[in-house]
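Quick notes on the structure that follows.
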Amino acid sequence: MPVPHIPVFDGHNDFLLRLQRDPAKRRTIWLEGEGIGHLDLPRMRRGGFAGGMFAIYVPSPRSEAPVDHAMDIPPYDVPLPAPLDQAEALSCAMAMAGHLSWMERASDGAFRITRTVTEIERAMHDGAIAAVMHIEGAEAIDTDLDMLHVFHAMGLRSLGPVWSRPTAFGHGVPFRFPSGPDTGEGLTDAGRRLVRECNALKIVVDLSHLNEKGFDDVAAITNAPLVATHSNAHAVTQSSRNLTDRQLAMIRDTKGMVGLNFATCFLREDGRRAPEIGWEPILRHMDHLIDRLGEDHVGFGSDFDGATVPEGIGDVTGLPLLLDALRSHGYDEALLEKLAWRNWLAVLRRSWGG
């Protein structure tokens, strides 16, 4: 395996969900690694994982197996899960925030929760992994937004108003293929207040999972760069979760950012989850994103531990192989550094200030 000499800052992972599903084993899962899933501390170090957005995501109270099965047999149109109760979502979200805090304490300095770009840079310089607290789907936030301030005080610096189900703030896209992102209504009045308060607190508003009307509503309100932490190009794969060229142009015009999602169902032209895809789908999406956004506005948003990823990547230790594939495709070292980490830190500085 190539030496991971370029560090990677990643726009999205669901490692906290793994801990939440088996908290009694979190020390083994995090510090030692079980050899399953995509992330743990030893493999992050081996793969050159320098940091990223760690998502607090509250799962729907039902098996996701029917979703997975449907996405193996396109075309598909999976109904949106029901909304979650705010109090129940808050209990789960607080537990996951606790896991993140525990990971920092248990790592003996190897993992840090960061709130500024300066803190991220310091962690990278010191060889520590820099974590940014992210919420994926704002079900835990009350419409008065008091809990937004509580989570911000705990370190929250990035938030997606929705996952792929409705919330008090807006509407997510369903798992649908083939489909465009125009799948329902936009932000609610509470959603508009949420965006404005995120702007005031310098919290990134994540556009991934929002439908097209919600995307447009955020764009009309926000005073920050438009950011989609883990999304791909609809022109390449016609999934409802992918971004159209019009949306990419809007992100470009605000000097925003898109993190390329490794989930195979959003990479493959046939919309399937199967991991046997080679490098070509990733290269097609990356080429298209760079063509539409420019090389300063694209990075990685892996969706590790939340999706099926290409077999060539496998898990976080495959990041050097991905960089090698991009290098063989003709990307030079300066561009690889931008994609791997520099672009993320730049957009976070534009979003957070300082």
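Listing for the model above:
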item	result
First in the stretch 209-232 and under 21 Å from ARG349 (Cβ atoms), second anywhere and assigned to a helix (DSSP H, G or I) and hydroxyl-bearing (Ser, Thr, Tyr), Cβ under 8 Å, 6 or more apart	ALA224/SER351; PRO225/SER351; VAL227/SER351
Some residue of the stretch 30-52 being over 20 Å from TRP341 (Cα atoms), among the basic types (Lys, Arg), in contact (Cβ under 8 Å) with a residue 24 or more places away in the chain and in a helix (DSSP H, G or I)	no
Long-range neighbours under 8 Å by Cβ, at least six apart or interchain, first residue buried (at least 18 other Cβ atoms within 10 Å of the Cβ) and basic (Lys, Arg) within the stretch 267-280, second in a helix (DSSP H, G or I) and at pLDDT 95 or above	ARG268/PRO281; ARG272/THR264; ARG272/CYS265; ARG273/THR264; ARG273/CYS265
Qualifying residues in the stretch 140-150 (those that are of a type in the set (A, V, I, L, M, F, W, C) and touching a helix residue (DSSP H, G or I) at 6+ places or on another chain (Cβ under 7 Å)) - the one nearest to ARG192 (Cα to Cα)	LEU145
Which listed residue, of ALA82, ALA110, ALA87, is out of contact with any helix residue (DSSP H, G or I) (no Cβ under 8 Å at 6 or more places or on another chain), at pLDDT 95 or above and aliphatic (A, V, I, L, M)	ALA87
Where a residue in the stretch 337-354 is under 19 Å from LEU323 (Cβ atoms) and its partner, wherever it lies, is in a helix (DSSP H, G or I), with Cβ under 6 Å and at least six apart	LEU345/VAL117
Any pair with Cβ under 6 angstrom, 6 or more apart, that starts in the stretch 283-302 at a residue that is within 22 Å of ALA50 (Cβ to Cβ) and touching a residue at least 24 places away in the same chain (Cβ under 8 Å) and ends at one that is of a type in the set (D, E, K, R) and surrounded by 23 or more Cβ atoms within 10 Å (Cβ to Cβ)	PHE300/ASP10; SER302/ASP10
1 or more residues among the acidic types (Asp, Glu): qualifying strands (runs of 3 or more DSSP E) within the stretch 79-178	129-136
All helices (runs of 4 or more DSSP H) inside the stretch 308-354 with 1 or more residues being buried (at least 23 other Cβ atoms within 10 Å of the Cβ) and among the aliphatic types (A, V, I, L, M)	319-328, 343-352
Any hit, the stretch 44-60, residues being charged (D, E, K, R), farther than 25 Å from HIS171 by Cβ and modelled with pLDDT of 95 or more	yes
Scan of the stretch 196-218 for residues that are surrounded by fewer than 24 Cβ atoms within 10 Å (Cβ to Cβ) and in a helix (DSSP H, G or I), ordered by number	ARG196, GLU197, ASN199, ALA200, LEU201, GLU212, LYS213, ASP216, ASP217
Of the criteria (1) crowded, with 20+ Cβ neighbours inside 10 Å; (2) over 18 Å from the mean Cα position of the chain (by Cα), which one HIS134 fails	(2)
Residue list for the stretch 327-353, filter: under 24 Å from LEU207 (Cα atoms) and among the small types (Gly, Ala, Ser)	ALA340, ALA346, SER351, GLY353
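The values are calculated or read from the model by the stated rules, or taken from the named source; none is laboratory data. Just so you know, these numbers come straight off a predicted model, no measurement behind them. All Cβ positions, glycine included, derive from the backbone under ideal geometry; neighbour counts span all protein chains shown.
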